[in-house]
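Undergrad: Structure below; questions to follow.
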Amino acid sequence: MTPWPYANWAKETRRSLTWAGVEIPAWLNELYRSGRRTLPAFLTAVPLSAKTDLEEGLAGLRALPAEDVRVALRRWYPGKLPSAVRPLDADPQGAMAELARVLPRYWQAALAPYAAPLRSTIEEEILLRSRVLATEGQERLFDTLHGRLSRTAATLRIDAGPGLVTVPTVQRVVIVPLLFGRGASLFALDEDGTAAFSYQAKGAAILSGASTPDRRSGAPARGDRLEILLGRSRAGVVRGLAAPTTTSALAAVLGLAASTVSEHLTSLVSAGLVQRRRAGGRVLYELDGTGLAILEYLDNEGVTTVDRRRFSRSAS
C-alpha cells in the first residue's frame, strides 16, 4: 500500500500512465525491487548542477558505455542475473535508449501537472539548507539531516538506504533533496572524489491532495476530509505549509491572491497550527507539530491505521 502522502498522487498517476500507454521497463522494476529502494550507480549519476534538466540526464543515459553497465550488473547480482534483467545485459545501449524514450512520457503523465509546486517546494528547501550552511556551518547542516551524513576527519559516512557507506577520501559532497525520497535513495561516487546522496525533503504533503494542484473549482473534492473541514483554498494553504515558505511563493503555487493567502495564514497562526519566523529579510511560515499531525490525520487516504496516541500528544 502506498504510504501517506503519496497515496492520492499514486492513484492518479497510475490512471494517467495507463491512459498514456506508458510502461516502465521490466528490467528497471527488477533492479529497484532487488536493490531495496535503490538503483545501480549508472542510473544515479552525480548531478552536474542544481539546474540539471531532464534532457541532460537523458543524454547521459544514451552515452553510457555498454561495458560499464555490464560491470555494474555483475556487482548488483553476484550470482545469476534475473531473467527480467537479461535484456539489459544483452543490449545495454538499446535498453538505455528505451529508457530515454519512456522517461519524458512518464514525466508528462506523472509529474508535469505538479511541476510548479514541486519546483517551488524544492527551491525553498535548497534555500533553507543553504542558509543553515552559511550561517551555522557544516556540522549543523549535517545535524539537520537526521543522521544521514556524518564526517570524522577525512572520512564521510553516508546512510545510503540499504546501509551505511564509508567513503575515506571525499573532495566534494552533493546533497540532493527528493520529495519522493521515502521511495528511493540515491548514492553515487565519482572518480574525482565527488559523493552525492539524497534525503527526504520537507513538503511532500503537497502531493497528498486528491487532484492536481491546478484544479480551480471552489468545491471540496469528494472524500477530501481536509477540504471539507477547511474549504478548498485554506486546505491548499495547509498542504503547502509542510515545508517553510513565504506568502508570495505560496500564493504563486496555489494560484491565489497574496491577500487571500495572508488572511488564511493569520487565522492558522492564531489557531496554533502554523508558526511564523523571520529569516533575514523574509518571513517564513510552516506547520508546527500540531498542524502536521492534523494534516496527516485528515489527509491520509489509503492509510488503514493512524497512531491516535501520537496525534493526541502532538495536539495537546
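The values are calculated or read from the model by the stated rules, or taken from the named source; none is laboratory data. Just so it is clear, the structure is predicted and the values come from calculations on it, not from any experiment. Positions of Cβ are backbone-derived with ideal geometry, glycine not excepted, and every protein chain shown enters the neighbour counts. For accessibility, only protein heavy atoms count, side chains too; no ligands or nucleic acids. Shrake-Rupley method; radii C 1.70, N 1.55, O 1.52, S 1.80 Å.
Undergrad: Show me the helices (runs of 4 or more DSSP H) entirely contained within region 220-316 in which 1 or more residues are modelled with pLDDT of 85 or more.
TA: Qualifying helices (runs of 4 or more DSSP H): 225-230, 232-240, 247-254, 258-270, 289-298.
Undergrad: Can you tell me how many residues in region 258-281 are under 25 Å from Ile126 (Cα atoms), in contact with a helix residue (DSSP H, G or I) (Cβ under 9 Å, 6 or more places away or on another chain) and either open to solvent by 20 Å² or more (accessible area, probe 1.4 Å) or aromatic (Phe, Trp, Tyr) (or both)?
TA: The total comes to 6.
Undergrad: Follow-up. Restricting the search to region 193-211, which residues are at pLDDT 75 or above and of a type outside the set (Phe, Trp, Tyr)?
TA: The answer is Gly193, Thr194, Ala195, Ala196, Ser198, Gln200, Ala201.
Undergrad: Look at region 224-237 and say how many of its residues are in contact with a helix residue (DSSP H, G or I) (Cβ under 6 Å, 6 or more places away or on another chain) and under 11 Å from Leu254 (Cα atoms). Explain how you work it out, then say what you get.
TA: Quick first cut of region 224-237, residues in contact with a helix residue (DSSP H, G or I) (Cβ under 6 Å, 6 or more places away or on another chain) only: 225-227, 234-237.
Restricting the remaining residues to those that are under 11 Å from Leu254 (Cα atoms) gives 234-237.
Residues that pass the stated criteria total 4.
Undergrad: Okay, next question. Can you pull out every residue in region 100-127 that is open to solvent by 30 Å² or more (accessible area, probe 1.4 Å) and either of a type in the set (Asp, Glu) or in contact (Cβ under 8 Å) with a residue 24 or more places away in the chain (or both)?
TA: Leu103, Pro104, Arg105, Tyr106, Trp107, Gln108, Pro113, Ala116, Ile122, Glu123, Ile126, listed by residue number.
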